[in-house]
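Undergrad: Below are the structure tokens for one structure; questions will follow.
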Amino acid sequence: IAGVPYMSGFGNEFASEDPRCPGALPEGQNNPQVCPYGLYAEQLSGSAFTCPRPTNWRSWLYRILPSVRHTPFHPIDQGYLTHKWDEVEPDPNQLRWKPFAILKVSQKKLDFVSGLHTLCGAGEPKSRNGIAVHIFACNTSMINRCFYNSDGDFLIVPQQGNLIITTEFGKLLVEPNEICVIQQGMRFSVEVSGETRGYVLEVYGVHFELPDLGPIGANGLANPRDFLVPVAWYENRQVPEGYTVINKYQGRLFAAQQDCSPFNVVAWHGNYTPYKYNLSNFMVINAVAFDHADPSIFTVLTAKSTRPGVAVADFVIFPPRWGVADGTFRPPYYHRNCMSEFMGLIKGHYEAKEGGFQPGGASLHSIMTPHGPDAECFEKATAAKLQPERVAEGTMAFMFESSFNLAVTKWGLETSHCLDKYYYKCWEPLKSHFNPSRK
Ligand SMILES: O=C(O)Cc1cc(O)ccc1O
Ligand SMILES: [Fe+2]
């Protein structure tokens with residue numbers, strides 16, 4: 001898998017053939033009476049047929065057998081995956097979690113799907129509006145098992161361990177500090193080596209896009225050419241013992257059996273694909289004179305709502321960069337926000353909290369819940385001699401920021417046993433410096 005080939009570009013019209021079958025893509029039409037090599041043609045639609053061109057997503061897959069050839073779906077156990085947002089009473093407090101536990105194989109075998117734990121979310125897959133945040137913590141590869149989501153798209157943020165993701169479109173190797181997006185309906189299977197953990201942002205009913213750049217101009221932030229898309233890869237593999245296709249549908253898991261691998265797409269073309277992105281390619285823009293810019297300058301991808309400027313969810317990162325602002329309190333300001341702020345940490349530490357917030361953990365600052373730097377960070381930043389300095393070197397924190405009011409699951413508040421009960425104490429030492437006779 002090292003040296004896997006990719007195509008590049010965000011939302012391009014791609015075309016790819018497995019090199020073992022040159023000419024597998026029909027020329028000049030999508031539905032020949034008989035496809036090259038005796039393949040079946042199948043369209044995967046990621047938008048309504050009638051969407052305007054800039055948001056019209058679909059791909060054509062040329063496969064050994066069509067996806068429809070399977071036995072009926074039956075409900076299966078779904079562990080801690082849920083979209084029930086009323087399991088526990090609402091909690092407006094600042095919440096922080098210690099690194100989520102990853103079980104050892106000897107304790108319990110968990111793969112990417114059975115290792116999904118829903119932490120928080122809001123909205124509803126049936127009405128196609130909302131989001132969920134899941135933690136995946138697993139130790140085993142998916143063998144003769146694949147997954148597809150009818151409810152929405154997965155933005156996957158690995159934090160520990162590499163993911164080898166086989167998709168209908170080909171293979172992706174996704175390492176920590178990279179992210180990938182597997183969109184609604186795309187079948188995929190995840191191989192891991194050892195204990196593996198990360199975060200998933202699921203959005204129902206919208207797709208991620210690159211944010212508008214406004215006065216920034218034509219370049220910057222996440223550049224389209226740095227998004228990588230797999231090349232066609234197929235296996236013609238019979239699985240007499242049964243290949244399990246798992247479907248998340250209306251928040252529930254179902255399984256169906258088929259007798260061959262679903263990764264039997266010999267060639268495909270279209271603009272509806274999985275993709276990955278390396279966060280170190282992000283072109284960071286920051287304040288170079290004074291003041292602290294809002295974190296929207298660090299938006300990698302956005303899932304827009306129908307309200308102008310209001311996201312269903314933004315994926316924002318806090319990458320290594322220079323801090324140079326003069327006469328400025330440089331860390332994040334104290335604030336209350338009309339959006340929900342979920343944060344995770346891939347590596348290192350986060351500038352507003354040197355301790356307490358650890359890689360593989362998380363925090364949630366809900367709508368209008370006050371938050372900001374801990375007392376230690378405040379004292380340091382107000383006393384610091386302001387020189388150009390590297391910020392967040394060797395670290396990578398991120399935020400899922402959402403206009404939804406996120407509810408936390410029972411697993412999040414209780415079962416995970418990771419909630420940090422003393423989080424509020426990090427602000428307790430903040431003291432008044434007010435002196436009416438000093439200006
Ligand atoms: O709360 C946070 O740590 C995230 C954040 C960072 C920042 O630089 C400004 C605002 C903000 O919400
Ligand atoms: Fe914040």
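Undergrad: Quick one: what are the phi-derived ³J(HN,Hα) couplings along segment 139-147, Karplus 6.51/-1.76/1.60 with θ = phi - 60°, whole Hz, x for glycine and proline?
TA: 9, 9, 6, 7, 10, 6, 9, 10, 9
Undergrad: Out of residues 5 or more away from ALA287 or on other chains, whose amide H comes under 5 Å of its own, with H placed 1.01 Å from N in the peptide plane?
TA: Those qualifying (amide H under 5 Å, at least 5 residues apart or on another chain) are ALA293.
Undergrad: Quick check on segment 365-439: take the gyration tensor over C-alpha atoms, sort the square-rooted eigenvalues as a ≥ b ≥ c, and tell me if it's rounded (a/c under 1.5), prolate or oblate. Don't jump to the answer; show the numbers that get you there.
TA: Values: a/c = 2.20, a/b = 1.60, b/c = 1.38.
The shape class here is prolate.
Undergrad: Treating each Cα of segment 282-426 as an identical point scatterer and ignoring solvent, apply the Debye formula and state log10 I(q)/I(0) at q = 0.18 Å⁻¹.
TA: Log10 I(q)/I(0), no solvent term: -1.20.
Undergrad: Moving on. How far, in nm, would the chain grow between ASN31 and CYS338 when pulled straight, counting 0.36 nm per residue and subtracting the alpha carbon separation?
TA: Gain on extension, ASN31 to CYS338, equals 105.6 nm.
Undergrad: For segment 194-240, just list the percent of Cα-Cα distances falling in each 10 Å bin from zero outward, please.
TA: Computed distribution, short to long bins: 14, 25, 36, 17, 6, 2.
Undergrad: Something else: Under the 0.36 nm per residue contour assumption, what length would be gained going from the current alpha-carbon distance of LYS380 and GLU414 to full extension? Please report the intermediate quantities before stating the final value.
TA: Values: separation 34, 0.36 × 34 = 12.24 nm, distance 3.43 nm.
Difference between extended and current length: 8.8 nm.
Undergrad: Turning to a different aspect of this structure: Please list, in order along segment 433-438, the HN-Hα scalar couplings obtained from phi with the Karplus expression 6.51 cos²θ - 1.76 cosθ + 1.60 (θ = phi - 60°), rounded to whole Hz, x for Gly and Pro.
TA: Values per residue, Gly and Pro as x: 10, 5, 9, x, 9, 10 Hz.
Undergrad: Separate question: Take the eigenvalues of the Cα gyration tensor for the chain, scale each by 5, and report the square roots as semi-axes in whole Å, largest first. Working shown, then result.
TA: Values: eigenvalues 330, 121, 71 Å².
That gives 41, 25, 19 Å for the three semi-axes.
Undergrad: What distance in nm lies between label points placed 7 Å from Cα along the C-beta direction at ARG390 and GLU241?
TA: 4.9 nm
Undergrad: Also, I was wondering about something else. What's the extension gain from CYS51 to ARG321 if we count 0.36 nm per residue and subtract their Cα-Cα distance? The partial results should precede the final answer.
TA: On the way: separation 270, 0.36 × 270 = 97.20 nm, distance 3.89 nm.
Using 0.36 nm per residue and subtracting the Cα-Cα distance, I get 93.3 nm.
Undergrad: OK, next. For segment 49-120, just say rounded, prolate or oblate: build the C-alpha gyration tensor, square-root its eigenvalues into a ≥ b ≥ c, call rounded for a/c under 1.5, and beyond that prolate if a/b exceeds b/c, oblate if not. Working shown, then result.
TA: Details: a/c = 2.36, a/b = 1.45, b/c = 1.62.
In terms of gyration-tensor shape, oblate.
Undergrad: Per DSSP H run of n ≥ 4, the term is -39500 (n - 2.57); total these for the chain, divide by its residue number, and report the mean residue ellipticity at 222 nm rounded to 500 deg cm²/dmol. Could you put the intermediate results ahead of the total?
TA: Values: 1 runs with 9 residues, N = 439.
That comes out to -500 deg cm²/dmol.
Undergrad: When only Cα pairs under 8 Å and 6 or more residues apart are kept, what is the percent relative contact order across segment 61-210? Write out the running numbers ahead of the final one.
TA: Details: 308 pairs, mean separation 36.7, N = 150.
Averaging sequence separation for qualifying contacts and normalising by length gives 24 percent for segment 61-210.
Undergrad: Can you tell me the Rg and Dmax of segment 1-65, counting just the alpha carbons, in angstroms?
TA: 13.8, 40
Undergrad: Evaluate the distance, in nm, between pseudo-label points positioned 7 Å from the Cα of LYS109 and of ALA287 along their respective Cα→Cβ axes.
TA: Result for the modelled spin labels: 5.4 nm.
Undergrad: May I pose another question? Just want to confirm a number: the relative contact order over the chain, from Cα pairs under 8 angstrom separated by 6+ residues, in percent. If you can, show how the numbers build up before the last one.
TA: Numbers: 1126 pairs, mean separation 88.8, N = 439.
Relative CO of the chain lands at 20 percent.
Undergrad: Next question, about the same structure. Take the Cα of GLN257, step 7 Å along the line toward its Cβ, and report every residue of segment 76-91 whose backbone nitrogen sits under 20 Å from that point.
TA: Only 76-78 fall inside the zone, counting backbone N under 20 Å.
Values in this text are rule-based calculations from the coordinates and carry no lab data. Treat the numbers as computed from the prediction; the structure is a model and nothing was measured. For neighbour counting, all protein chains shown are included, and Cβ atoms are generated from backbone atoms with ideal geometry for every residue, glycine included.
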